[in-house]
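K.L.:
Shown below is the structure under consideration.
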Amino acid sequence: MPMEFINQNILLIGIVAVSGLGLLWPLIFRPAGNAVGPVEATQLINREDAIILDVREADEFAGGHLPEARNIPAGKLNDRIHELEKFKDKPLLVCCAAGIRSNKACAELQKAGFARVHSLTGGVDAWLAAGYPVKKGNRNK
């Protein structure tokens, strides 16, 4: 009897399983650090003088980055994390192109003792989509 029910309702059971996974996905794969959108990121920068860390590669950074951002590519973060030590007590806004590398970088920074780490949800792409300005060039602070 139970096998007959399963066979007759396999599509329904599949939909329920996929829906359940969709609901659990954000709980399982929660981004490291506090995820903030462009509006919240702007507030962090303006109200709390957040340090902006862009973890994209140098050529991506030169193509357009948040004003006043510092560039340390994600692959070099462990080697260069000492450059950020003086900012351990300040809010740190981490961004990349779409938010994937920044989430990984936030996890590394938290392991290194940075308490106020925020990842820009959607990355520089979301920043641009919101109509916020970027600077071009590779001037690194």
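The values are calculated or read from the model by the stated rules, or taken from the named source; none is laboratory data. Since the structure is predicted, the reported quantities are computational estimates derived from the model, not experimental observations. Cβ placement follows ideal geometry from the backbone for every residue including glycine, while neighbour counts extend to all protein chains displayed.
K.L.:
What are the residues in the stretch 123-135 that are closer than 13 Å to residue 54 by Cα and in contact with a strand residue (DSSP E or B) (Cβ under 9 Å, 6 or more places away or on another chain), if any?
P.N.:
123, 124, 127, 134, 135
K.L.:
Every residue in the stretch 103-131 that is under 14 Å from the mean Cα position of the chain (by Cα) and in a loop (DSSP other than H, G, I, E, B), please.
P.N.:
Matches in the stretch 103-131: 116, 121, 122.
K.L.:
Checking residue 138 against (1) of a type outside the set (Val, Ile, Thr); (2) in contact with a Cys (Cβ under 6 Å, 6 or more places away or on another chain); (3) modelled with pLDDT under 95, which test does it fail?
P.N.:
Only one criterion in (1) of a type outside the set (Val, Ile, Thr); (2) in contact with a Cys (Cβ under 6 Å, 6 or more places away or on another chain); (3) modelled with pLDDT under 95 is unmet by residue 138, namely (2).
K.L.:
Restricting attention to the stretch 38-96, which residues are in a strand (DSSP E or B) and more than 22 Å from residue 113 (Cβ to Cβ)?
P.N.:
Correct list: 65 only.
K.L.:
Report every pair of residues separated by at least 6 positions or lying on different chains whose Cβ atoms are under 8 Å apart, first residue within the stretch 52-79 and under 10 Å from residue 137 (Cα atoms), second crowded, with 17+ Cβ neighbours inside 10 Å and charged (D, E, K, R).
P.N.:
Here the result reads 61/54; 65/54; 65/56, each pair linking the stretch 52-79 to a residue that is crowded, with 17+ Cβ neighbours inside 10 Å and charged (D, E, K, R).
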